[in-house]
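Working notes, beginning with the structure itself.
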DNA sequence: GCCTATCGTAAGTCATGACTTACCAAGATT
DNA sequence: AATCTTGGTAAGTCATGACTTACGATAGGC
C-alpha cells in the first residue's frame, strides 16, 4: 500500500518483467506465464505481491482475471523519488552556504 | 550501475534509511551507524551496495569517508519510472481505440 | 451433467542476503 | 613511535522469499 512495498515489489527481476508486460498491455495470468521462464503459480504469487503493493488492479472477466496497472501506486513511487531528489538539491544548497 | 541495482538497493528498509540520511546531508560512516539500530559494519556493507548501484559517491577526507548522493543513479531510476508511466498511458490509449 | 480451461492456495525446498563478531589497515593525535 | 579513531573485509548464522509440484475452486463449452 505504500511506496516501500512498491520498491520491494519492483526489486525482483521476474516481478519487474511482469509489471512491464502489464504496463504495455493489461493481461491475464496464463499469457504472462507463457512469456516468462517461471511456472504459472509463480506468476500468480508475483501478481499478488504487486497487487498488495498497490501497483496492479484486477478485473474479473468470467473465467479469467485481467491485471492492469494501478496508476496510484506508480504515482506514489514517483513522488517518493521526487522528494528524495528535492532533499538532495537542498543538501547541495546547504553545502554551498557552508563553503562561503 | 543500472536502475535495476538501484531498485534492489532501495528495496531494503535499512538501506533506504541510510540513503535518506545522506540525501538530506552527506555523512561519514560512524554518524550513520549511530542513528541506526544496526552495527557499523552492516552500514559499511549497505554503503557498498548503494555505491555499486550508482546511488552514492565517496570522498576520502583523511581518516574518514564522506558519502554523498550520486545524482546520476537517482536520475536513471526516475527515468525508468517515467518510461513505465508512459507505457501505461500508451496502453490506456490503445484500450480506448479498441473499445470503439 | 461432464470435461476443460483458468487461476489461486498450500506445503516444501533452496538460494540469497542482512546481520553479527572478529580482524586488519591506515590516518590522526599526543 | 605508541595509541586511538575510522572504517572496510572475512566468516558464519539465520530469516526471508522465489520457486516448484500438488491440489481445489469456479466459469465456459459440448
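The values are calculated or read from the model by the stated rules, or taken from the named source; none is laboratory data. Given the structure is predicted, the values throughout are model-derived calculations rather than measurements. Cβ placement follows ideal geometry from the backbone for every residue including glycine, while neighbour counts extend to all protein chains displayed.
Restricting the range A:52-64 to residues that are more than 16 Å from residue B:88 (Cα to Cα) and not in a strand (DSSP E or B) leaves a set whose member that is nearest to DNA strand C (Cβ to nearest atom) is A:63. For residue A:83, the requirement of being within 30 Å of residue B:21 (Cα to Cα), within 13 Å of DNA strand C (Cβ to nearest atom), assigned to a helix (DSSP H, G or I) and within 11 Å of chain B (Cβ to nearest Cβ) is not met.
Scanning the range A:1-33 for residues that are in contact with a helix residue (DSSP H, G or I) (Cβ under 9 Å, 6 or more places away or on another chain), more than 10 Å from DNA strand D (Cβ to nearest atom) and more than 14 Å from chain B (Cβ to nearest Cβ) yields a count of 5. Being in a helix (DSSP H, G or I) and near DNA strand C (Cβ under 10 Å from one of its atoms) is the requirement here; does residue B:9 meet it? Answer is yes for this residue.
Here B:38, B:49, B:58 are screened, and the one residue that is within 9 Å of DNA strand D (Cβ to nearest atom), at pLDDT 95 or above and in contact with a helix residue (DSSP H, G or I) (Cβ under 7 Å, 6 or more places away or on another chain) is B:58.
Let's see how each residue does on (1) over 23 Å from residue A:92 (Cα atoms); (2) within 11 Å of DNA strand C (Cβ to nearest atom); (3) in a helix (DSSP H, G or I):
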| residue | (1), (2), (3) |
| --- | --- |
| B:14 | yes, yes, yes |
| B:19 | no, no, yes |
| B:22 | no, no, yes |
| B:31 | no, no, yes |
| B:36 | yes, yes, no |
| B:42 | yes, yes, yes |
| B:48 | no, yes, yes |
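In the set B:92, B:96, only one residue is away from chain A (no Cβ under 11 Å), assigned to a helix (DSSP H, G or I) and closer than 30 Å to residue A:66 by Cα; that residue is B:96.
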